[in-house]
1. When you look at residue 63, is it touching a strand residue (DSSP E or B) at 6+ places or on another chain (Cβ under 9 Å), crowded, with 17+ Cβ neighbours inside 10 Å and modelled with pLDDT of 85 or more, yes or no?
2. Only one of these is out of contact with any strand residue (DSSP E or B) (no Cβ under 8 Å at 6 or more places or on another chain), touching a residue at least 12 places away in the same chain (Cβ under 8 Å) and under 23 Å from residue 159 (Cα atoms): 24, 39. Name it.
3. Scanning for something at pLDDT 85 or above, surrounded by fewer than 13 Cβ atoms within 10 Å (Cβ to Cβ), more than 15 Å from the chain's Cα centre (by Cα) and more than 11 Å from residue 32 (Cβ to Cβ), does the stretch 78-92 turn up at least one residue?
4. What are the residues in the stretch 20-41 that are surrounded by fewer than 11 Cβ atoms within 10 Å (Cβ to Cβ) and part of a strand (DSSP E or B), if any?
């Protein structure tokens, strides 16, 4: 579907895009997503700049905190409400890259017990659609399964993790890949046996995601 370079997203340098202030350990700041011709772009802002001089055309944003590098898990925690908002904003988008983003976000929200797999269907155009239901309220979401292979999904997951600021740095990820292949970093989404049964023949990746999708753990 796509070359991995098309998913390239700048990593945070923990500096405000407006006043250039550095974010120290424990500092809160806003991360915002913008739509550019080449794809999504992430920018970070200190609290005062974002509140007083918020840029126009913000697609989605969330507030996060700089973690202590000495902590066992030094990644920022996922704001699930912000992830859900990003997921909803992508609904109906026909761009292939954004369809893949929405698919991986659905798997992530399933793993976080926000969604559960509720079934699957095949549309007239031949596309496979997975149906996810919110565990609270029961709202249903039809998610197109992108026509990409496992390696491409892994690339999408890794770039999405960088976009959300929750992917481990490369050197740490390399160690985790070797030391924790059977742990949490080897999964993007887990659905229960009941969820898998409810899918009634949906693709196997919906019920258990492989280690190739380890980029988004949260």
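The values are calculated or read from the model by the stated rules, or taken from the named source; none is laboratory data. Nothing here was measured: the structure is a model prediction, and the numbers come from that model. Note that each Cβ is placed from the backbone with ideal geometry, even for glycine, and that neighbours are counted across all protein chains shown.
1. When the stated conditions are applied, residue 63 does not pass them.
2. When all the criteria are applied, what remains is 39.
3. Yes: the stretch 78-92 contains one or more residues that are at pLDDT 85 or above, surrounded by fewer than 13 Cβ atoms within 10 Å (Cβ to Cβ), more than 15 Å from the chain's Cα centre (by Cα) and more than 11 Å from residue 32 (Cβ to Cβ).
4. 36, the sole residue that qualifies.
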